[in-house]
Every structure is written in C-alpha cells, then in structure tokens.
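Accompanying notes for the structure given below.
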Amino acid sequence: MASDEFFALVRAWLTIHLPRARRLSPHTIRSYKTALNTLLDFLRDTQHLTLAEVSFEAIDRATITAFFTWLLDTQHLSVSSANQRLAAIKSFLSYCAGENPALVSIWLGVRQVKPARIPARAPDGLSMPAVDALIRAPGQNTHRGRRDTTLILLMFDAAARIQEMLDLTPADIDTTVGAARVTLTGKGHKIRTVPLMDKTARHLEQYLAEFHPGTPEAACLLFFTIRAGQRQQMSQDNVTYLLNKHAAIAHQDCPEVPEKIHAHQLRHARAMQMLRAGVPLPHIKEFLGHANIATTSIYASADNEMVREAIQKAGSANLELAPLWTGGDDLILQLAGLK
C-alpha cells in the first residue's frame, strides 16, 4: 500500500518522537495531530485522494503552498493559526527526512514555503470605558487626586509618551477655548503641537491655578513631586505607580480596566479611538510623532484583525462535526495515531 510508509512515520512521530524524544506536552501533540488531519482534509478535498492513496509522492512544495493558501482563503484560519499548521507539517517532514534520506528532497522543498506575516497589533490598548474609569478614579477631593486626574487625562488626550509628559513645562500648555493645545518634545528632540479637548483645557487651567499660581518660571516642570520640601521631576516609576494605584480602584467599577497597566496603553487607546473616528492615518502619524507611517499602520492592521477574529468567533459557534472518515479510513487514522 502506497500509504504504508507515510502513516508508519506519522505514527512514530506522534507516539514516539514527540512525546519521548522531544518531551512535548499532550496539548502540543494534539496541535500537531490537528495539522496532519487538516492536511489530509486538503488532499481529499482538492486532490480527491483517499487515505489509502496518500503517500509522500503527493506532497511537495507546490502542494504545501496550495495547502497554506487553502487554510487562509477557504478554511478562513487566522494567520497565526495557519502559520502553526504549516510549522507542524514542516516539523513532521523534517523528522521524516531524518528517518529516510530519500525524503530529504521533499523536506528541502517544503521548508521553502514561507509563513504569512502576522499583522502587527496595537499592544493592549485600553477600551474607552476603561479610559473613562481610569480618569475618574483619582477623584477631585484631594490635592493629589486633582493632579493625577489632570496627568492621566492629558496623557490620553495628547497620546503622549511618558517622558514627553514628564518634560512638559507650563509654557508648553495653551488652554485657549476652542484652540487648546500642548507642545511635546518627542524622540530625537522632535517637537510637535497637538490639539486638546476643551475638557482637558479646563482641567489644566484648574491645575495651573492650584499647582503653578501666579507666573511660573519658564523652566519649571508642569508635573512634579515634593522631596525634602523641594520640587523634583517625577520619574517614570512615579507615573507607573500612580497609574496602577488608580487602575486597581477603577477595576472595581469597570472590569475592563486591567489591574496592572502601563502609560503606553493610554497612547494606544487614543490612536485606536482616532482611527475608528475616521481620522486619516497620515494625520494620526503626525499626532503620535511617528517617524514612519508604517509604524502608524500597526493600528489599522490591528483593527482589521480584530474584525476578522470577531467574524471567526461568530462563525465557529456551530456544533462539532461528525468524524470525517469511517470504515477503512477510520482504521488507518487509528493505526497512524491520528485519532
């Protein structure tokens, strides 16, 4: 039978090599088994091969390239899932080449099949309800609470990096109604001016009146801490501490707020909000201070991938299908360790 060698190697790979030689977990081995079963699905559906007809002669670079395309376009797998299936097939064929040198040419051909590039994602941006809860968490009843509210609100509204916030002076703030803005000094000392919401401007006016009364010195820092009676620049650790302190409080009212957060999540949240509001990518690029629009495109890719995943989840809510093979085919699968 032409399939004898193929399925004998499948069985040895799944039942001996992976669990004993490589000591992989049962979960990982199940993932590899799924990849092989999916390849058999493909050979049956596109090349009309029965299991008894499956052999290494049916597998080459062109076949695996077509298989990978089928996973993405016909089976609608995510890029990461399709890449995992491809990696599993390559791993199997690498093992086969080691067991039988006659299969090395097949392995060398298939290893040239490139995985798809996974769209870069905006890392863990906060949802808008989470942002709102975080801004409200410090409250307005204390001196420090008013400071922290203003800092968090401004960091979100300006999509500012943490060091850009810490370097601000009162001179960088313009609270003119309808034309409020902040001037940020970014990476490479590049300066950009971004508009602010009127709500942010009102908080800044109150903050300046309380923390910088009169005419502040040009070089004084907008946000500061007091040590030994002296104003000192806040550190990034200071900001991280206060964000996590307020995140723990906000999480109680809004479970969407992670208990541990970092400042960049506010920047990501603002970028995603602008994208979904229809702001063009070139404008978002300038707002964020990116040197290259390819960096800004991460947000568009992430948004598209989230839509794709939502569609996938909606379509995968069906009951499990019955086994694909019965009778003789079922026996082959059992003997090969694929069931």
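Mind checking which residues of segment 275-285 are surrounded by fewer than 18 Cβ atoms within 10 Å (Cβ to Cβ) and either closer than 17 Å to Arg192 by Cβ or modelled with pLDDT of 85 or more (or both)?
Val279, Pro280, Leu281, Pro282, His283
State whether one or more residues within segment 68-77 are among the charged types (D, E, K, R), closer than 21 Å to Ala116 by Cα and assigned to a helix (DSSP H, G or I).
Yes, some residue in segment 68-77 is among the charged types (D, E, K, R), closer than 21 Å to Ala116 by Cα and assigned to a helix (DSSP H, G or I).
Being over 30 Å from the mean Cα position of the chain (by Cα), closer than 20 Å to Leu18 by Cβ, open to solvent by less than 60 Å² (accessible area, probe 1.4 Å) and not hydroxyl-bearing (Ser, Thr, Tyr) is the filter here; which residues of segment 60-112 pass it?
Across segment 60-112, the qualifying residues are Leu93, Cys96, Ala97, Asn100, Leu103, Ile106, Trp107.
Would you check if Ser80 is part of a helix (DSSP H, G or I), on the phi < 0 side of the Ramachandran plot and modelled with pLDDT under 90?
Yes.
What pairs can you find where one residue is in segment 109-137 and within 30 Å of Leu86 (Cβ to Cβ), the other is among the aromatic types (Phe, Trp, Tyr) and modelled with pLDDT under 90, and their Cβ atoms are less than 6 Å apart, with a gap of 6+ or different chains?
Going by the 6 Å Cβ cut-off, the qualifying pairs are Ala122/Tyr299.
For segment 155-264, list the helices (runs of 4 or more DSSP H) that sit wholly inside it and hold at least 2 residues that are open to solvent by 40 Å² or more (accessible area, probe 1.4 Å); which are they?
Output list reads 198-211, 236-253.
The values are calculated or read from the model by the stated rules, or taken from the named source; none is laboratory data. This structure is a prediction, so every number in the text was calculated from the model and none was measured. For neighbour counting, all protein chains shown are included, and Cβ atoms are generated from backbone atoms with ideal geometry for every residue, glycine included. Note: areas computed on protein heavy atoms with side chains; ligands, DNA, RNA excluded. Shrake-Rupley method; radii C 1.70, N 1.55, O 1.52, S 1.80 Å.
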